[in-house]
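To keep things clear, I will list the structure first and then write my remarks on it.
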Amino acid sequence: MSEHRETVPSDAPISRAEARRVAEARRSSESKTGATAPVADETTARRGADISRALERHDRRIGWMDLLRGLSILLVVLHHSTQIVAYRIDEVPAFFEFLSAFFAPFRMPMLMFLSGLLVAGSLKAPTGPYIWGKVRRIVWPIIVWTLVYAISERIVGQGDYMPWELGFWNTYLWFMQFIFAYYIIALLIRWVPVWAMVAVPFVAMFLIPTELDLLQRFFYLMPFFFLGAFIEKHWDQYARVLDVRLAWSLLVIPVAIAVYSGLDDRWARDSGADGGGLWYHPAWAAPAMLGILILVRLTASAADVRWLAPVRFVGRYSLIYYVSHYPVFAALGWLAMKAGISNPGVGLVAVFTVTVAISTAFALLGRRMPASLLFELPKRIWPRRTARATTA
């Protein structure tokens, strides 16, 4: 889900002589005006320029993006762990149900928005490498882990579809299928203004019948993806209009949306329904977009702290965590049931913790061949042909 490289460009001048000239010019300017540029403003401006450049060039990782992506993935794992424990053991404590619904408006839309932030940089590549990059990093793990999921379903006696049937591919990997489709759409209609690609699917999702829930979800999440692409193109203006002070004052908006989603789930359960919450409902798309813009602005302005490094690690290898977590927690839920665990709270903590631990092991192993083949294909499948030496 993240495709930019790790090398970090330097902001330093290209030579020591140039550095001296810049420093002397700055001192001369300050002595003439009798004022020094505020350090905080300089730092903020440089940080904004760094983010804008990194988004455009894909030449380094962006810590706050990894943080948001990692948090979203962990919340996905928690949500699915809640589901499997309720299915295999018993209803989980109400707090965890509320927590799952609390983050529902932002969990998957945030992942889509962050993917959209990177699409413009990807489109700078030629068409062939662009498509091949998406095939080897998105389509390939979809194929591999759909087969893993199907085999695990067969083992527990639940799978009844064959690979040539549509239901075989209707799995938890719908999210990656959507992302691949959005990347291809972005390529095919790159001449269309990005704002139109936010507006058109936004209107379309209101026109799709609710019984076509997967199709409605496709159009619901598409505006978040292209909103990310739009913000990437206008990052400086976005950061200037929604400054940090204003974003802090507006933080009540995403918090209120999340609280209402959690309460709506609670009210629905109290009335006898299976659950509620703001799940892909068209009427809540615009408030969720505003909430994401506020959360992204605040996170982008915050300094990277060391104790959140594990979350950033999850974000860096978000694809590995996403594709591997579902079969893992499904197996753990089945084992917990067989082991006779009857406390859903204990079961939930155990399933979530062990799932994250096993997915972390996959992330550590999946960076090298041959384990990496579970998650992406090599850039070049066949070795380059070397020209044979000829003798006169």
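When you check residue 284 against the structure, is it in a helix (DSSP H, G or I) and either out of contact with any Ser or Thr (no Cβ under 6 Å at 6 or more places or on another chain) or free of Cβ contacts under 8 Å to residues at least 12 places away in the same chain (or both), yes or no?
yes
Exactly one condition in (1) in contact (Cβ under 8 Å) with a residue 12 or more places away in the chain; (2) open to solvent by 50 Å² or more (accessible area, probe 1.4 Å); (3) basic (Lys, Arg) is not met by residue 306; state its number.
(1)
Only one residue in 144, 156, 139, 148 is closer than 14 Å to residue 323 by Cβ and at pLDDT below 90. Which one?
The conditions single out 148.
Does residue 205 satisfy being farther than 21 Å from residue 293 by Cα and either open to solvent by 70 Å² or more (accessible area, probe 1.4 Å) or touching a residue at least 60 places away in the same chain (Cβ under 8 Å) (or both)?
No: the conditions fail for residue 205.
Mind checking whether some residue in segment 255-267 is free of Cβ contacts under 8 Å to residues at least 60 places away in the same chain, open to solvent by less than 50 Å² (accessible area, probe 1.4 Å) and either in contact with an Asp or Glu (Cβ under 9 Å, 6 or more places away or on another chain) or at positive phi (or both)?
no
Residue 275 - would you say it is in contact (Cβ under 8 Å) with a residue 40 or more places away in the chain, open to solvent by 20 Å² or more (accessible area, probe 1.4 Å) and not charged (D, E, K, R)?
yes
Go through (1) modelled with pLDDT of 90 or more; (2) surrounded by 22 or more Cβ atoms within 10 Å (Cβ to Cβ); (3) of a type outside the set (Phe, Trp, Tyr) one by one and return the number of the condition residue 336 breaks.
(1)
Would you check if residue 301 is among the small types (Gly, Ala, Ser), more than 30 Å from residue 204 (Cα to Cα) and modelled with pLDDT under 90?
Yes; evaluated as a whole, the condition is true for this residue.
Mind listing just one residue for me: the one in segment 90-125 that is surrounded by 23 or more Cβ atoms within 10 Å (Cβ to Cβ) and not hydrophobic (A, V, I, L, M, F, W, C) and, of those, nearest to residue 77 (Cα to Cα)?
100
The values are calculated or read from the model by the stated rules, or taken from the named source; none is laboratory data. Small disclaimer: the values here were computed from a predicted structure and weren't measured. No Cβ is skipped: glycine too gets one built from the backbone with ideal geometry, and neighbour counts run over all protein chains shown. The accessibility values were calculated without ligands, DNA or RNA, using every heavy atom of the protein model including side chains. Shrake-Rupley method; radii C 1.70, N 1.55, O 1.52, S 1.80 Å.
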